[in-house]
């Protein structure tokens, strides 16, 4: 394991067909799946540990329950990438009994390493740790990397208090075998688990858009995302646990232990030592403690700043026959709710005629609609822009206001880059919505065919005036001319983009190559990028 947990991917975004057609952006853990020669026997069902008295979040939840009722939870937005990593570390370090982590991507970079280390530290003190990751990103550059990833997975799973499982794992081990599997079974390859959740002691949860990787935590020098999560304490955590358990016990999920991966005792020790060395040498983590610590001061401050509300965590669910998709209709229902205002921020938008009808209905009722998405310049997936750009005029003709994030947004240093990192540009990855500054959605779902009909997605639907007002103010900040282009139609119904410095009549881009990709990816079917 001499290259243990090394970063093995480029800094572009991951979506399945772009992996098949161009380049594998590689995931730390998910390259390891190899089905056993015989039939896989599903283990007995296993469930979240119940919330117990004595964990550090019990007092916070008790105060909320006594003051606001048993159905209420406390919520805090996680706006900056630095806080995205810091609050994950805080929850993991504070765990007494259990940690359940469900993620689409878990990269082997600085963010992935430090979180893996803290999960191992938690397991060392007796916390039960369950990790569930998607197994998409495995078209590799050389067979040696597969062997390396097998060792990593075995090392993670070898701890007696940790278990790693994979969603929709590959059937083949070799590069050739996986390429054949990808080309002959595209439907299964395309079915991915896009959920993101971290649950601690069945009382605290972080939900939202962030995967585990440097660009989601502000540590990537090439580019960093603008993303958003919500931290919740109370019943919202147990709602998320029910969803996690449904996946954990699903036929779509496989134990890494069943793969027969071997790891020697000396490799286990070597892996831990290499991880410690890599973390100590990584300057991107200078502002984070490398060892577990007490977060009592931060939790005390949190208790006094939580927005109180009621929430429902909703997810598409795997079944024996496929995936039960429910998120699209829940999102549409929420879009129809406003009396005065609808505000949407979403990284990938490819609407439908139904979506256009909803926006038009809102305008007809004198409801203001505001939409923020990526510009071509801020995009990490040009294929999405290729199919979105034709919807700009229809969106504007409904009366909605449309904004596109600038790649050089003034907020980059404030929310996207985590010191000492300074990235070349900022891209949008958030998936959030607020209705009448009271009803909030924060989750994993993009507004495109892949999220609606193929991926599994999840998110929290929350009623909280305090949270809703804060989210609305953040969207207003993000749509300022220093941060976004305002997209409009001129008197001849031609598009123009305006910020605080200029007005242009062709979509902003960082380079000529982006414009070339934008043309080429028109040939990629919607939902297969």
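Observations, loosely collected:
- Single residue of the range 495-529 satisfying the filter (under 20 Å from residue 351 (Cα atoms) and part of a loop (DSSP other than H, G, I, E, B)) that is modelled with the lowest pLDDT: 529
- Helices (runs of 4 or more DSSP H) lying entirely in the range 198-301 (those with 1 or more residues that are in contact with a helix residue (DSSP H, G or I) (Cβ under 6 Å, 6 or more places away or on another chain)): 214-217, 265-281
- Test: residue in the range 307-315 that is farther than 30 Å from residue 63 by Cβ, under 24 Å from the mean Cα position of the chain (by Cα) and not assigned by TED's automatic domain parsing to the domain that holds residue 192: no
- The single residue among 444, 484 that is farther than 30 Å from residue 73 by Cβ and modelled with pLDDT of 95 or more turns out to be 484.
- Search result, residues across the range 499-525 that are surrounded by 15 or more Cβ atoms within 10 Å (Cβ to Cβ) and more than 12 Å from residue 377 (Cβ to Cβ): 517, 521, 524
- Flag for residue 304 being surrounded by fewer than 18 Cβ atoms within 10 Å (Cβ to Cβ) and either free of Cβ contacts under 8 Å to residues at least 40 places away in the same chain or assigned by TED's automatic domain parsing to the domain that holds residue 470 (or both): yes
- Of the residues screened, residue 355 is one that is assigned to a helix (DSSP H, G or I) and surrounded by 16 or more Cβ atoms within 10 Å (Cβ to Cβ).
- Within the range 188-214, the set of residues being buried (at least 24 other Cβ atoms within 10 Å of the Cβ) and more than 23 Å from residue 454 (Cβ to Cβ) comprises 198, 199, 200, 201, 203, 204, 205, 206, 214.
- Just one of the listed residues (430, 484) is in contact with a strand residue (DSSP E or B) (Cβ under 6 Å, 6 or more places away or on another chain), buried (at least 23 other Cβ atoms within 10 Å of the Cβ) and farther than 30 Å from residue 322 by Cα, and it is 484.
- Here residue 386 fulfils each of the conditions (1) in a helix (DSSP H, G or I); (2) over 25 Å from residue 502 (Cα atoms) apart from (2).
- Helices (runs of 4 or more DSSP H) wholly inside the range 26-135 that include at least 1 residues being at pLDDT 95 or above and in the same structural domain as residue 242 (by TED's automatic domain parsing): 81-94, 110-124
The values are calculated or read from the model by the stated rules, or taken from the named source; none is laboratory data. This structure is a prediction, so every number in the text was calculated from the model and none was measured. Glycine also receives a Cβ, built like all others from the backbone with ideal geometry; neighbour counts cover every protein chain displayed.
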